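One structure follows; several queries about it will come next.
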Amino acid sequence: MIKRTLTFMLCLVIKLFLVSLLGVAQTAGAPSQQAEAAFNALVDRYFDFYFQVSPTAATQAGFHQYDSKLEDF
């Protein structure tokens, strides 16, 4: 009985902590459009490189322009 109560209290404390973090994240504001565009460009460059060196992963992700470069196992 005590173990169940302690588990419930721990879960409640964790939930309250997560809800408070969500509130802080929402009040911090959205990133600027320039920062968001820079991040998107970084992600695009990363995946362009990654898919060039791993065409199997690209094809599995649905990018079939890499089909001709698939590895021959």
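The values are calculated or read from the model by the stated rules, or taken from the named source; none is laboratory data. Model, not experiment: these values are computed from the prediction. When we count neighbours, we look across all protein chains shown, and the Cβ atoms used for this are built from the backbone with ideal geometry, even at glycine.
Given Gln34, Gln26, Gln65, Gln52, which one is surrounded by fewer than 10 Cβ atoms within 10 Å (Cβ to Cβ) and at pLDDT 80 or above?
Matching residue, one of Gln34, Gln26, Gln65, Gln52: Gln34.
Taking Gly23, is it on the phi > 0 side of the Ramachandran plot and small (Gly, Ala, Ser)?
Here the answer is no, as Gly23 does not meet what is asked.
Kindly list, by first and then second residue, each pair from a residue in the stretch 57-71 that is closer than 16 Å to Asp44 by Cα to a residue that is at pLDDT 90 or above and small (Gly, Ala, Ser), limited to pairs with Cβ atoms under 7 Å and residues at least 6 apart or on different chains.
Tyr66/Ala58
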